[in-house]
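K.L.:
Mind looking over this structure? Questions follow.
The values are calculated or read from the model by the stated rules, or taken from the named source; none is laboratory data. In this text, all values refer to a predicted model and were calculated from it rather than measured experimentally. Cβ sites come from the backbone with ideal geometry, for glycine too, and all protein chains shown count toward neighbours. The protein model used for the area step is the full one, side chains on, heavy atoms only, and it has no ligands, DNA or RNA in it. Shrake-Rupley method; radii C 1.70, N 1.55, O 1.52, S 1.80 Å.
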Amino acid sequence: MKLTNREELKKYREEAQKEISARNAEEIRVIVGMGTCGIAAGARDFMTAVLEEVNNRNLQVTVTQTGCIGMCEQEPLVDVQRPGEERVTYGKVKPSDAARIIVGHVMHGNIVEDLVIARFEEV
Amino acid sequence: MPEAGCAQPAEDVQMEKELQDLFAKWRGVKGSLIPILQGAQEIYGYLPKEVLLQIARELKLPPSRVFGVVTFYAQFHLEPRGRNIVRVCLGTACHVRGASKVYERLQDEIGVGDGETTEDLRFTLETVACLGCCGLSPVVMINDDTHGRLEPENLKGIVDQYE
Amino acid sequence: MQLVRAHVLVCGGKNCTASGSEQVREAFAKELEKKKLDQEIRLVETDCHGFCEMGPLVIVYPEGTFYVRVTAEDVPVIIEEHLVKGRPVDRLLYKAPVKEDEIPKYKELDFYRKQHRVALRNCGSINPEKIEEYIARGGYASLEKAIYDLTPEQVIEETKTSGLRGRGGGGFPTGLKWEFCRRSPGDLKYLICNADEGDPGAFMDRSILEGDPHSLIEGMAIAAYAIGCSEGYIYCRAEYPLAIKRLKIAIAQAEELGLLGDNILGTDFSFTLHIKEGAGAFVCGEETALMASIEGKRGMPRVRPPFPAQKGLWDKPSNINNVETYANVPMIIGKGADWFGSMGTEKSKGTKVFALTGKVNNTGLVEVPMGVTIRDIIFEIGGGIVGGKEYKGVQIGGPSGGCIPASLMDTPVDYESLIEAGAMMGSGGLVVMDETTCMVDLSRFFLNFTQSESCGKCTPCREGTKRMLEILTRICEGEGVPEDIETLERLGRVIKSTALCGLGNTAPNPVLSTLRYFRDEYEAHIYDKRCPAHACSALLVYTIDEEKCSGCGRCARACPAGAITGEKKEPHKIDPEKCIKCGSCIESCKRGAILRL
């Protein structure tokens with residue numbers, strides 16, 4: 001689909017925004033930092049562990065990726081976003097932490113304190 | 001004998017076909033020498049002399065030009081290479097965080113030095129100036145996997161994963 | 001052997017037993033046996049958890065699910081739902097009061113407090129493989145504004161007013177560069193992005209390419225409109241496979257939406273973008289060498305003038321900027337030159353991304369307004385030196401830059417102040433060094449790099465860096481002579497003023513700046529044959545403190561050269577002739593009896 005004027009770009013943007021806010025209102029999202037640094041620190045293994053936990057428990061969770069946020073020291077980094085709640089970042093996560101984050105935070109909203117780093121302000 | 005030399009004729013035919021496809025893809029595109037060399041190296045694992053001559057004919061360039069470009073860039077290789085390419089980062093950040101110890105241990109583990117390939121073609125060891133993962137230094141890249149925060153002790157376990 | 005796949009912990013503390021934990025435990029034992037799960041799931045009785053008002057407590061591992069006020073009747077449910085089906089039982093779970101407020105916001109972290117993210121605005125928050133996320137955050141609105149509301153001249157004017165300068169090192173005013181190229185005669189002009197981030201210790205461009213490729217594409221499209229280019233190239237180093245992959249996806253998505261290609265957004269502005277993979281040559285970061293490489297030649301620089309703006313790629317007028325520079329452009333057009341100019345110092349506007357690495361606690365990518373001090377970056381954002389060691393200096397700008405000592409850590413980071421201090425912005429690598437880094441060895445490291453990356457075209461760089469490297473190597477090996485320092489300085493000056501390109505012109509910087517600030521270290525190496533940082537192994541002497549040595553023999557066994565001898569339970573000795581100075585003995589000694597002098 002080609003956008004051929006300003007109106008269409010505007011409409012596309014509004015649709016995208018609507019879709020994203022609908023998604024944020026409904027979906028639980030796990031966002032893994034998948035820059036080269038993150039992957040080097042083990043982000044891919046962590047993501048596999050998360051997917052396994054999610055599949056084993058038959059959860060409706062979107063597992064997705066983002067780029068590098070700059071905190072190399074804390075890699076691998078992962079964010080959890082539950083509908084209507086703030087996006088929370090965990091750092092130095094190991095595959096063995098996946099279960100705690102999934103059961104504790106994703107399913108029940110209990111933030112895993114010893115791994116948490118910060119939260120995004122925007123919802 | 002190099003790998004390509006003792007390959008089955010069927011494989012030769014396959015590689016030749018891939019090379020022709022590569023030529024077709026870049027025909028008429030300006031500045032195609034380097035992408036063609038990169039593609040040919042993907043196919044053959046290195047750049048055999050006959051392939052370089054074929055490329056020169058295809059692009060209507062003197063072989064000396066092609067050879068000059070190949071030897072200028074660190075990425076191109078005239079000799080067969082190992083199945084696994086181990087690149088040790090010796091960049092600044094890795095340097096100040098002990099990359100030389102990692103490099104020494106790797107040489108012991110693999111048994112070859114910089115730019116060399118093991119006899120069984122399992123590994124080629126190389127050093128690079130920076131892999132851009134300075135936050136995780138020291139870093140080693142094996143094929144496309146980057147391994148960070150290394151200690152000399154971890155290396156054996158990592159190297160063993162690659163056959 | 002049967003593997004235990006889960007543990008069920010039942011609290012056996014006094015209060016829990018009082019509230020019925022004994023019955024819960026028995027129920028588990030019975031139920032697990034009945035279901036034949038008693039081999040794979042282990043039941044454990046634990047001590048008091050100190051959370052008695054919620055007892056009896058049951059904790060299921062590996063997840064660490066915490067159940068409260070469990071009764072014997074709940075046990076079959078927990079087993080069936082949780083242990084068999086993997087679905088924790090909601091109603092029994094402990095719900096912590098929401099603690100969101102106690103978690104710091106990003107802005108409250110030391111690492112982010114002083115940061116101001118412009119070029120990195122989306123990195124780490126959007127999915128870089130989805131154009132809709134970029135557009136939802138206002139992406140491509142600046143391109144739209146430029147091509148619909150502004151003339152190319154106005155775009156250039158806005159960029160000039162903003163004060164944006166090249167982020168790749170030189171710091172040339174971006175708008176001015178565009179204007180030169182726009183005014184150059186010719187219909188066909190090329191736009192190039194230098195993404196050949198070869199400086200060791202720099203990865204800011206990689207982060208943008210991987211984390212927010214559309215910001216670069218949009219910035220390039222705006223520049224192309226301003227200059228009048230219909231074709232562009234991104235020259236990206238091959239060591240960044242993920243960056244190349246994400247760029248390809250992003251370009252395809254932008255083309256599909258008509259944001260790249262013919263008649264962008266229905267206007268008569270067309271712009272096609274190609275990716276060129278580098279082939280591993282540092283010198284290709286130099287603009288004329290980079291263009292030679294795109295043309296498929298050996299990547300050697302040539303004499304300027306003519307400048308690329310007059311005669312660049314395939315002899316056509318070309319404009320070349322780096323990734324970070326382009327990534328700033330959409331923000332300038334979107335928010336205005338005044339907004340951009342409000343950040344930074346008088347001559348260095350906006351923000352700069354630095355790659356903070358080395359012996360610092362919080363390594364990472366940092367984007368700060370120009371003009372903050374080195375102290376702020378290293379001690380506030382970076383959290384100080386690893387292991388509480390003494391801060392010695394920072395190497396800024398990679399192999400082209402210089403070392404700034406601890407005494408100058410209040411130097412603001414902007415183009416002019418850094419040049420004055422004998423360094424340069426470069427691409428923005430900051431490698432922090434502590435007392436254990438030897439400055440002579442570091443200079444040798446950089447010279448070794450530039451020397452091996454020298455393309456060999458001009459004599460000062462080809463021969464000069466080689467001679468400098470030889471001298472530095474000699475000094476590090478304890479064979480330096482007094483006149484070496486002067487020779488280094490003279491060679492450095494000559495190379496700086498006579499080399500053909502930026503690589504050569506800046507190659508002596510690490511040596512000259514360390515000579516300026518750390519001359520005493522050179523002198524210690526040359527006159528006293530001593531390395532103050534204990535880093536140059538040839539200058540170290542290993543000895544054993546006889547008072548502390550217990551004669552355990554560990555060091556003698558650890559020594560690969562057989563240099564350590566001594567009777568059992570008697571102090572040992574190191575034979576300096578045999579010692580290869582590997583340090584194995586120090587690591588093996590449990591009493592700290594081996595000294596490195």
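K.L.:
Which one is nearest to C:Glu420 (Cα to Cα), of the residues in segment C:354-375 that are within 17 Å of the chain's Cα centre (by Cα) and not in a strand (DSSP E or B)? Explain how you work it out, then say what you get.
P.N.:
So the first thing to find is which residues in segment C:354-375 are within 17 Å of the chain's Cα centre (by Cα), and the list is C:354-368, C:374.
Going one step further and asking which of them are not in a strand (DSSP E or B), we end up with C:359, C:361-363, C:374.
Working: C:Lys359: 25, C:Asn361: 28, C:Asn362: 28, C:Thr363: 26, C:Ile374: 14 Å.
Here the answer is C:Ile374.
To keep it simple, each residue is scored yes or no on (1) open to solvent by 30 Å² or more (accessible area, probe 1.4 Å); (2) assigned to a strand (DSSP E or B).
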| position | (1), (2) |
| --- | --- |
| C:Lys352 | no, yes |
| C:Ile377 | no, no |
| C:Met424 | yes, no |
| C:Ser443 | no, no |
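K.L.:
Turning to a different aspect of this structure: Looking at segment C:496-514 only, could you name the residues that are assigned to a loop (DSSP other than H, G, I, E, B) and open to solvent by less than 20 Å² (accessible area, probe 1.4 Å)? Lay out the reasoning, then the answer.
P.N.:
Initially, segment C:496-514 is screened for residues assigned to a loop (DSSP other than H, G, I, E, B), giving C:499-501, C:507-508.
Hits for segment C:496-514 are C:Ala499, C:Cys501, C:Ala507, C:Pro508.
K.L.:
Name every residue in segment C:1-20 that is more than 53 Å from the chain's Cα centre (by Cα) and either closer than 20 Å to A:Ala99 by Cα or open to solvent by less than 20 Å² (accessible area, probe 1.4 Å) (or both), in order of residue number.
P.N.:
C:Gly20
K.L.:
On the given criteria, is C:Asp187 open to solvent by 10 Å² or more (accessible area, probe 1.4 Å), free of Cβ contacts under 8 Å to residues at least 12 places away in the same chain and on the phi < 0 side of the Ramachandran plot? Spell out the reasoning first.
P.N.:
Working: open to solvent by 10 Å² or more (accessible area, probe 1.4 Å): yes; free of Cβ contacts under 8 Å to residues at least 12 places away in the same chain: yes; on the phi < 0 side of the Ramachandran plot: yes.
It is true that C:Asp187 is open to solvent by 10 Å² or more (accessible area, probe 1.4 Å), free of Cβ contacts under 8 Å to residues at least 12 places away in the same chain and on the phi < 0 side of the Ramachandran plot.
K.L.:
Right, next: State which residue pairs qualify: first residue open to solvent by 80 Å² or more (accessible area, probe 1.4 Å) and inside segment B:57-68, second residue assigned to a helix (DSSP H, G or I) in any location, beta carbons under 7 Å apart, and separation of 6 or more residues or different chains.
P.N.:
Qualifying pairs under 7 Å: B:Phe67/B:Leu52.
K.L.:
Please indicate, with yes or no, whether at least one residue in segment C:433-452 is of a type in the set (Ser, Thr, Tyr), in contact with a Pro (Cβ under 8 Å, 6 or more places away or on another chain) and within 11 Å of chain B (Cβ to nearest Cβ).
P.N.:
First, the residues of segment C:433-452 that are of a type in the set (Ser, Thr, Tyr): C:436-437, C:443, C:450, C:452.
With the extra rule that they be in contact with a Pro (Cβ under 8 Å, 6 or more places away or on another chain), the set shrinks to C:443, C:450.
Imposing the further condition that a residue be within 11 Å of chain B (Cβ to nearest Cβ) reduces the set to C:450.
Yes.
K.L.:
Check segment C:74-82 and report whether any residue there is surrounded by 15 or more Cβ atoms within 10 Å (Cβ to Cβ), modelled with pLDDT of 85 or more and within 44 Å of the chain's Cα centre (by Cα).
P.N.:
yes
K.L.:
Just checking, which of C:Glu416, C:Glu390 is touching an Asp or Glu at 6+ places or on another chain (Cβ under 6 Å), more than 14 Å from chain B (Cβ to nearest Cβ) and either more than 14 Å from B:Val96 (Cα to Cα) or touching a residue at least 60 places away in the same chain (Cβ under 8 Å) (or both)? Even if it seems obvious, please write down each step before you answer.
P.N.:
Details: C:Glu416 fails: touching an Asp or Glu at 6+ places or on another chain (Cβ under 6 Å).
Going through C:Glu416, C:Glu390 in turn, just one is touching an Asp or Glu at 6+ places or on another chain (Cβ under 6 Å), more than 14 Å from chain B (Cβ to nearest Cβ) and either more than 14 Å from B:Val96 (Cα to Cα) or touching a residue at least 60 places away in the same chain (Cβ under 8 Å) (or both): C:Glu390.
K.L.:
Right, next: Sort out which residues of segment C:241-288 are open to solvent by 10 Å² or more (accessible area, probe 1.4 Å) and among the small types (Gly, Ala, Ser), and write them in order of number.
P.N.:
Once the filter is applied, which keeps residues that are open to solvent by 10 Å² or more (accessible area, probe 1.4 Å) and among the small types (Gly, Ala, Ser), segment C:241-288 yields C:Ala252, C:Gly261, C:Gly266, C:Ser270, C:Gly280, C:Ala281, C:Gly285.
K.L.:
Which of the following residues is touching an Asp or Glu at 6+ places or on another chain (Cβ under 6 Å) and within 14 Å of chain A (Cβ to nearest Cβ): B:Arg97, B:Arg87, B:Arg149?
P.N.:
Working: B:Arg97 fails: touching an Asp or Glu at 6+ places or on another chain (Cβ under 6 Å); B:Arg149 fails: touching an Asp or Glu at 6+ places or on another chain (Cβ under 6 Å).
It is B:Arg87.
K.L.:
Among the residues in segment C:168-180, are any out of contact with any Cys (no Cβ under 9 Å at 6 or more places or on another chain), open to solvent by 40 Å² or more (accessible area, probe 1.4 Å), within 14 Å of chain A (Cβ to nearest Cβ) and not in a loop (DSSP other than H, G, I, E, B)? I'd like the intermediate steps shown before the answer.
P.N.:
Our first condition is that a residue be out of contact with any Cys (no Cβ under 9 Å at 6 or more places or on another chain); within segment C:168-180, this holds for C:168-180.
Next, from what is left, pick out any that are open to solvent by 40 Å² or more (accessible area, probe 1.4 Å): C:168, C:170, C:172-173, C:176-177, C:180.
Filter again for within 14 Å of chain A (Cβ to nearest Cβ), leaving none.
Within segment C:168-180, none of the residues are out of contact with any Cys (no Cβ under 9 Å at 6 or more places or on another chain), open to solvent by 40 Å² or more (accessible area, probe 1.4 Å), within 14 Å of chain A (Cβ to nearest Cβ) and not in a loop (DSSP other than H, G, I, E, B).
K.L.:
Select from segment C:454-469 the residues that are open to solvent by less than 50 Å² (accessible area, probe 1.4 Å) and assigned to a helix (DSSP H, G or I) and list them in ascending order.
P.N.:
Taking segment C:454-469 as the starting set, the residues that turn out to be open to solvent by less than 50 Å² (accessible area, probe 1.4 Å) are C:454-456, C:458, C:460-461, C:464-465, C:468-469.
Passing the criteria: C:Pro460, C:Cys461, C:Gly464, C:Thr465, C:Met468, C:Leu469.
Residues are listed down the side, and each one gets a yes or a no for (1) farther than 29 Å from C:Cys438 by Cβ; (2) open to solvent by 40 Å² or more (accessible area, probe 1.4 Å); (3) of a type in the set (Val, Ile, Thr):
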site: B:Tyr73; (1), (2), (3): yes, no, no
site: B:Phe76; (1), (2), (3): yes, no, no
site: B:Thr92; (1), (2), (3): no, no, yes
site: B:Arg97; (1), (2), (3): no, yes, no
site: B:Ser137; (1), (2), (3): no, no, no
site: B:Asn143; (1), (2), (3): yes, yes, no
site: B:Asn154; (1), (2), (3): no, yes, no
site: B:Asp160; (1), (2), (3): yes, yes, no
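Here is a yes/no grid of residues against (1) touching a Gly at 6+ places or on another chain (Cβ under 7 Å); (2) of a type outside the set (Ser, Thr, Tyr); (3) within 11 Å of chain C (Cβ to nearest Cβ); (4) closer than 30 Å to B:Ala93 by Cα:
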{"site": "A:Ile31", "(1), (2), (3), (4)": "no, yes, yes, yes"}
{"site": "A:Asp45", "(1), (2), (3), (4)": "no, yes, no, yes"}
{"site": "A:Leu51", "(1), (2), (3), (4)": "no, yes, no, no"}
{"site": "A:Val54", "(1), (2), (3), (4)": "no, yes, yes, no"}
{"site": "A:Gly67", "(1), (2), (3), (4)": "yes, yes, yes, yes"}
{"site": "A:Lys92", "(1), (2), (3), (4)": "no, yes, no, yes"}
{"site": "A:Arg100", "(1), (2), (3), (4)": "yes, yes, yes, no"}
{"site": "A:Met107", "(1), (2), (3), (4)": "no, yes, yes, no"}
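K.L.:
Considering only residues of segment B:108-120 that are over 17 Å from the mean Cα position of the chain (by Cα) and free of Cβ contacts under 8 Å to residues at least 40 places away in the same chain, which is most open to solvent (accessible area, probe 1.4 Å)?
P.N.:
Filtering first and then ranking leaves B:Asp108.
K.L.:
Kindly check whether there is at least one residue in segment C:207-220 that is more than 14 Å from chain A (Cβ to nearest Cβ), touching a Gly at 6+ places or on another chain (Cβ under 7 Å) and closer than 19 Å to C:Tyr415 by Cα.
P.N.:
The first filter runs over segment C:207-220 and keeps only residues more than 14 Å from chain A (Cβ to nearest Cβ), leaving C:217, C:219-220.
From what's left, touching a Gly at 6+ places or on another chain (Cβ under 7 Å): C:220.
Subset that is closer than 19 Å to C:Tyr415 by Cα: none.
No, that holds for no residue.
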